[in-house]
Amino acid sequence: MRRLILALLLPVALAAGASRPALSQPASGPLLLPPITRALDQQLGTIRTENANDPDQAIARLTALLLQAERGRQAGEQIVILTARSQQEIRAKRIDRAIEDLNRAIAISGAYPLPFFLRGSYEALRGDRSKALADLDKAIEVEPKFLPAYRARARMLSDLRRWGDAAADHSRVLAERPDDAEARYNRALAHSLAGNKQAALVDIDMVMVRNPHDPAMLIEKSIILRGMGNFDAALAALERAMADGDDRGIALRERGMVHFARGDFAAAERDLKRAYDLGLGTGLPAPYVAVYLEAARLRLGQSDRADLARRQELAFTKGWANTVAEFLGDRIAAEALVARTKEDVKAEREADERLCEAQFFIAQRHMADGRIDAAIGAFQAVVATGVTWFNEYDLARGELRRLGRL
């Protein structure tokens, strides 16, 4: 199960309509586009304001300006106008045309970072990550102090599970802006998901200096502490979160996960059952709560196949979570579960993620049945996947530590 990220990696400019650097030049800082006259800058501002709800009209007016710039052979003005028109094309949901405008701007001169940055954003919108990353790399190469490009690249690297590289980009932002809470929080997440828990804890504590009672941050801190094996501190953070916040469902679920991680399956079953009951229809991942609830009952010798089937009927789809539940309910064998990890996956990474989960729950069955050596082998197989961003990875390492194998 992929780690819960409560703040969803605070937004960066890789989505249509997200905030973007202004076309007019700032008084100081990196040069994003060629300098333009005050008159043209005012014209562009007027077009944005007067056609805020009519991108097609804005495009028509920008096209007229572009023709003037072309007749006057004003290369810098052409770059700025093409860049402005590309943003209006995005507003009109014409990504291909937006990219064509930026291609033209870059062909005139590749000395400015904003066209590369925006083209990378638009390539990401149409799903071409390799081109998007190449453009973000180029934006940074052209202007190493263009911080939005680092933020955007970090987000994309995170999507690609390249957590260490993402943390490095957040560090670059923090080198320029050490008080940037967004970058520090996102670096904490990247460190944690890469398995660098101590560095994550340092960052999350710094983020919490201004608001030590933030329930979301307390829950995030508890997840990091759980991954470090510091269960008492993780529980203390969750108790504070429940005292200071109103979303007890998430905190209960995470408290259940802490109990599960430390081997207190009775407490885990109690909290996960309450979280499951609260979570139906509220957006909590009920299928995985049900899976862990069943695993806790397995470890307690209290597995109820009929109850699992009822929960499946209420909350499960025909997806992978349901397949795991079928295994826990003795409806498919371990070999079949492993075989299904490669079915209908979009990338090898997804198969590795599924294998991480499959081997973890196979190990739970072995532990419940007293097959300790088999369980150790399955837990070791979890760790071997290297899927550090899944709960199962941290939990398997904890089990191996308790068994004296790590």
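Each reported figure results from applying straightforward, stated rules to the coordinates on display, with no laboratory input. Computed from a predicted structure; not experimentally measured. Methodologically, a virtual Cβ is constructed for each residue, glycine included, from the backbone with ideal geometry; neighbour enumeration extends over all protein chains shown.
Overview of values
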read-out: Difference of contour (0.36 nm per residue) and Cα-Cα distance, residue 111 to residue 347; value: 81.4 nm
read-out: Candidates 257, 156, 367: whichever shows maximal mean-square fluctuation once the chain is modelled as a Gaussian network with Cα springs under 10 Å; value: 367
read-out: Residue 403/residue 277 FRET efficiency (R0 30 Å; Cβ-Cβ; nearest 0.05); value: 0.40
read-out: For the chain, the spread of Cα positions along each principal axis, largest first, Å; value: 82, 43, 36
read-out: By average C-beta atoms within 10 angstrom, highest first, the peptides 387-400, 48-61; value: 387-400, 48-61
read-out: GNM flexibility winner over the chain from 289, 202, 80 (Cα, springs under 10 Å); value: 202
read-out: Karplus 3J(HN,Hα) series, Hz, for the stretch 176-192 with 6.51 cos²θ - 1.76 cosθ + 1.60 (x for Gly, Pro); value: 8, 9, x, 9, 6, 5, 4, 5, 5, 4, 5, 5, 4, 4, 4, 4, 4
read-out: Estimated dipole of the chain in Debye, rounded to 20 [Cβ of Lys and Arg +1, of Asp and Glu -1, Cα centre]; value: 240
read-out: Whole-Hz couplings from phi, Karplus 6.51/-1.76/1.60, listed for the stretch 202-208; x for Gly and Pro; value: 4, 5, 5, 5, 5, 5, 7
read-out: Sum of -39500 (n - 2.57) over DSSP H runs of 4+, divided by residues of the chain (222 nm, nearest 500); value: -22500 deg cm²/dmol
read-out: Euclidean distance between Cα centres, the stretch 98-158 to the stretch 41-86, Å; value: 21
read-out: Peptides ranked, highest mean first, by Cβ atoms within 10 Å: ranges 356-362, 90-96; value: 356-362, 90-96
read-out: The stretch 345-406: relative contact order in percent, alpha carbon pairs under 8 Å with at least 6 residues between; value: 32
read-out: Inter-label distance, nm, simple model (7 Å from Cα along the C-beta direction), residue 331/residue 54; value: 5.8
read-out: Mean Cβ count within 10 Å, highest first, over the residues of peptides 237-243, 349-355; value: 237-243, 349-355
read-out: Max mean-square fluctuation residue, GNM over the chain, Cα-Cα springs under 10 Å, options 346, 221, 138; value: 346
read-out: 3J(HN,Hα) from dihedral phi, the stretch 42-51, Karplus parametrisation 6.51/-1.76/1.60, rounded to Hz, x for glycine, proline; value: 5, 4, 5, x, 4, 4, 4, 6, 6, 10
read-out: Rel. contact order, % - alpha carbon contacts under 8 angstrom, at least six apart, the stretch 30-144; value: 24
read-out: Per-pair calculated FRET efficiency, R0 = 25 Å: residue 165 and residue 210 via Cβ, rounded to 0.05; value: 0.35
read-out: Length gained when the stretch residue 371-residue 339 is fully extended (0.36 nm per residue, less Cα-Cα span); value: 9.4 nm
read-out: Mean separation of Cα contacts under 8 Å, 6 or more apart, over the residue count of the chain: relative contact order %; value: 10
read-out: Reachable lysines, given that their alpha-carbon falls under 22 Å from the alpha-carbon of residue 131 and they are not under 8 places away in the same chain; value: 93, 145, 346
